[in-house]
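Report on the structure given below.
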Amino acid sequence: VQDGSLIARFGRARRDRSLAVLEGFHPLKHALRFGATVRELVTSDRAELERLAAALAPDLAGRIAELAREVDPALFDQLVPLPPTTPVLALAERPAVDVDVALADERAAPVVLLEDPRDLGNLGACVRVAAAADVAAVLASGGHDPWHPDALRGAAGLHFALPVAAVAAPEALALGDRPLIALDPTGAPLVPAELDPRAVLAFGTERHGLSSQVLARADAIVSIPMRPGVSSLNLATSVAAVLFAWRLVPAPAPPLS
Ligand SMILES: C[S@@+](CC[C@H](N)C(=O)[O-])C[C@H]1O[C@@H](n2cnc3c(N)ncnc32)[C@H](O)[C@@H]1O
């Protein structure tokens, strides 16, 4: 089955930094829930898509039914390299992200800085947990586009819930009033209650960890204590551990009156 223009649009979108390719139901659900403008939504099985929407996102069911266009399953399978198990693909506009504005977010919310993450699924998992923890932004250096379709899959589309952007040289970022905290297994043990809620939390690349430049610029280097013999946690696991250690610190008791 051929529809050259649809195949070409999905192919071009993978290289277009103004668009996001959403593969599967959960990325679509979160994208719509967090305000994405969806330009194209195709399904190989409208009845199954409507069943999923009714079960998992009743708030969006009408919208999804309106946007969806059913295409032949053989055509659907040609639109992306690895078709998702849930029968839906979409193209959405990426929100513009201004890194300086994201860093200037005044809330008591940290920024996650990923130095050269190599695994797109891992990068996506970091975005997912950062969105769940309601941080101010996720910034990523290195060669990968943090909005790559595989990262969007790993994040279940939660890129639309917070600013996510590529940055060039993490050690040269203008951080304003935010301290830079480097997460590294050699650091002093993390004390969650002492973590500055406006910190930029820097995590290193999967194989080699943080660069000497980021470590040299850091205001503090902290570690997640581990059992002896274990060398490190997976990148996304360490982001999750730190963010939820921070979130689960009990709020200070109100002063006695
Ligand atoms: C897979 S680890 C990198 C392993 C690398 N060989 C090293 O020793 O740093 C990826 C990133 O996760 C974070 N990480 C993993 N385990 C950690 C720990 N126990 N304490 C602090 N950060 C950790 C660090 O930011 C690290 O750069």
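Side notes on the structure shown:
- The condition (being assigned to a strand (DSSP E or B) and surrounded by 17 or more Cβ atoms within 10 Å (Cβ to Cβ)) is satisfied by just one residue among VAL112, VAL129: VAL112.
- Here the range 219-240 is the region considered, the condition is being more than 8 Å from the ligand (Cβ to nearest atom) and open to solvent by less than 40 Å² (accessible area, probe 1.4 Å), and the residue that is farthest from ASP196 (Cα to Cα) is ALA236.
- Test: residue in the range 12-22 that is surrounded by fewer than 16 Cβ atoms within 10 Å (Cβ to Cβ) and in a helix (DSSP H, G or I): yes
- Test set (1) closer than 29 Å to ALA31 by Cβ; (2) without any contact (Cβ under 8 Å) to a residue 40 or more places away in the chain; (3) open to solvent by less than 60 Å² (accessible area, probe 1.4 Å) - ALA202 fails condition number: (2)
- Per-region count, the range 189-217, residues farther than 16 Å from VAL239 by Cα and hydrophobic (A, V, I, L, M, F, W, C): 4
- In the range 125-169, the residues that are touching a Lys or Arg at 6+ places or on another chain (Cβ under 6 Å) and closer than 17 Å to ALA202 by Cα: ALA133
- Number of positions in the range 74-92 that are surrounded by fewer than 14 Cβ atoms within 10 Å (Cβ to Cβ) and not in a loop (DSSP other than H, G, I, E, B): 1
- A single entry from ASP177, ASP150, ASP134 fulfils the requirement of being on the phi > 0 side of the Ramachandran plot and either open to solvent by 10 Å² or more (accessible area, probe 1.4 Å) or within 15 Å of the ligand (Cβ to nearest atom) (or both): ASP134.
- Filtered by the rule that a residue be within 13 Å of the ligand (Cβ to nearest atom) and within 21 Å of the chain's Cα centre (by Cα), the range 185-215 gives VAL200, LEU201, ALA202, PHE203, GLY204, THR205, GLU206, ARG207, GLY209, LEU210.
- Residues in the range 245-257 that are touching a residue at least 40 places away in the same chain (Cβ under 8 Å) and either open to solvent by 70 Å² or more (accessible area, probe 1.4 Å) or within 12 Å of the ligand (Cβ to nearest atom) (or both): ALA245, ARG247, LEU248.
- Unique match (being open to solvent by 30 Å² or more (accessible area, probe 1.4 Å) and either under 20 Å from the mean Cα position of the chain (by Cα) or within 26 Å of ASP145 (Cβ to Cβ) (or both)) among ARG118, ARG63: ARG118
- Residue in the range 43-56 that is within 26 Å of the chain's Cα centre (by Cα), in a strand (DSSP E or B) and in contact (Cβ under 8 Å) with a residue 24 or more places away in the chain present: yes
- The one condition in (1) in contact (Cβ under 8 Å) with a residue 60 or more places away in the chain; (2) in contact with a strand residue (DSSP E or B) (Cβ under 9 Å, 6 or more places away or on another chain) that ARG217 fails to fulfil: (1)
- Scan of the range 190-199 for residues that are among the hydrophobic types (A, V, I, L, M, F, W, C) and either open to solvent by less than 20 Å² (accessible area, probe 1.4 Å) or within 17 Å of VAL112 (Cβ to Cβ) (or both), ordered by number: LEU190, LEU195, ALA199
The values are calculated or read from the model by the stated rules, or taken from the named source; none is laboratory data. Remember, predicted model here, so these are calculated numbers, not experimental data. Cβ atoms come from the backbone with ideal geometry, glycine included; neighbour counts cover every protein chain shown. Each accessible area value is taken on the protein alone, full model and side chains, heavy atoms only, with ligands, DNA and RNA left out. Shrake-Rupley method; radii C 1.70, N 1.55, O 1.52, S 1.80 Å.
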